[in-house]
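The values are calculated or read from the model by the stated rules, or taken from the named source; none is laboratory data. Computed from a prediction, not measured in an experiment: that's the story for all the values here. Quick reminder, even Gly has a Cβ in these numbers, built from the backbone with ideal geometry, and neighbours come from all protein chains shown.
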Ligand SMILES: CC(C)(COP(=O)(O)OP(=O)(O)OC[C@H]1O[C@@H](n2cnc3c(N)ncnc32)[C@H](O)[C@@H]1OP(=O)(O)O)[C@@H](O)C(=O)NCCC(=O)NCCS
């Protein structure tokens, strides 16, 4: 069995002018892509094949990243279910013009689902939790999972109620005499 620390992947890249927004800082979408890519490497390796991104939790950008800065993304598996996995990612920068402590830019949690050759969901191995920190992350990932699934179920239920409520109402599809 694999431990979360064995799944860890660290990637670093220099930010260039092609990644800048209108203010000259690095575009948020570039940071999100780096997060998704790094987490994807963790998920694909752990699943032993392709895994797709099913969800990306709210991501807060704490400080701007500038052209020339070195962006570091560190990701590791927090939780594994039947076919889904949660990967945690931390984004930091080294400033290009000073030797200082690394600056925390953002953190994110992503859900990946392993797929087989036919595109069906595929089981992933169980995770071996060794340390108290790994057990804490696993427990917290389970709480996030419950929230994601209950939010999704609540939205689906509300859509069903909405569809029944508007069926036949004047001015809506399906309505009229
Ligand atoms: C992700 C995807 C395969 C899930 O399909 P699905 O029909 O919902 O599959 P299931 O209902 O069997 O769920 C599979 C697993 O994902 C989990 N899951 C699905 N959506 C989820 C969400 N929004 N949040 C948390 N978990 C989720 C389920 O709980 C289940 O977990 P488990 O097997 O560990 O118990 C499907 O929605 C998909 O293909 N989405 C598009 C993915 C994509 O294109 N990503 C961008 C490019 S990589």
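Among the residues of segment 69-82, some residue qualifies, meaning at least one is at pLDDT 95 or above, surrounded by fewer than 22 Cβ atoms within 10 Å (Cβ to Cβ) and within 16 Å of the ligand (Cβ to nearest atom).
Residues in segment 1-38 that are free of Cβ contacts under 8 Å to residues at least 24 places away in the same chain, closer than 25 Å to residue 137 by Cβ and more than 15 Å from the chain's Cα centre (by Cα): 6 alone. Residues of segment 100-141 that are within 11 Å of the ligand (Cβ to nearest atom) and outside any loop (DSSP other than H, G, I, E, B): 109, 110, 111, 112, 113, 114, 115, 121, 141.
Just to verify a result, which residue in segment 48-67, among those that are surrounded by 15 or more Cβ atoms within 10 Å (Cβ to Cβ) and either over 16 Å from the mean Cα position of the chain (by Cα) or within 23 Å of residue 16 (Cα to Cα) (or both), is nearest to the ligand (Cβ to nearest atom)? Ranking the candidates gives 59 first.
Output the residue which, of all residues in segment 49-60 that are without any contact (Cβ under 8 Å) to a residue 60 or more places away in the chain and out of contact with any helix residue (DSSP H, G or I) (no Cβ under 8 Å at 6 or more places or on another chain), is nearest to residue 119 (Cα to Cα).
Taking segment 49-60 as the starting set, the residues that turn out to be without any contact (Cβ under 8 Å) to a residue 60 or more places away in the chain are 53-54, 56, 58-60.
Add one more test, that the residue is out of contact with any helix residue (DSSP H, G or I) (no Cβ under 8 Å at 6 or more places or on another chain), and what stays is 54, 58, 60.
Values: 54: 14, 58: 27, 60: 32 Å.
Per the stated criteria, the residue is 54.
Kindly indicate whether any position in segment 135-144 is closer than 30 Å to residue 25 by Cβ and out of contact with any helix residue (DSSP H, G or I) (no Cβ under 9 Å at 6 or more places or on another chain).
Just the residues of segment 135-144 that are closer than 30 Å to residue 25 by Cβ, to begin with: 144.
Still in the running and out of contact with any helix residue (DSSP H, G or I) (no Cβ under 9 Å at 6 or more places or on another chain): 144.
Yes, the conditions are met somewhere in segment 135-144.
Only one of the listed residues (53, 60) is over 26 Å from residue 130 (Cα atoms) and modelled with pLDDT under 95. That residue is 60.
Of all residues in segment 63-87, those that are on the phi > 0 side of the Ramachandran plot have Cβ atoms under 9 Å from Cβ atoms of residues that are in a loop (DSSP other than H, G, I, E, B) and more than 16 Å from the ligand (Cβ to nearest atom), 6 or more apart or on another chain, in 68/15; 68/16; 68/95; 68/96; 68/97.
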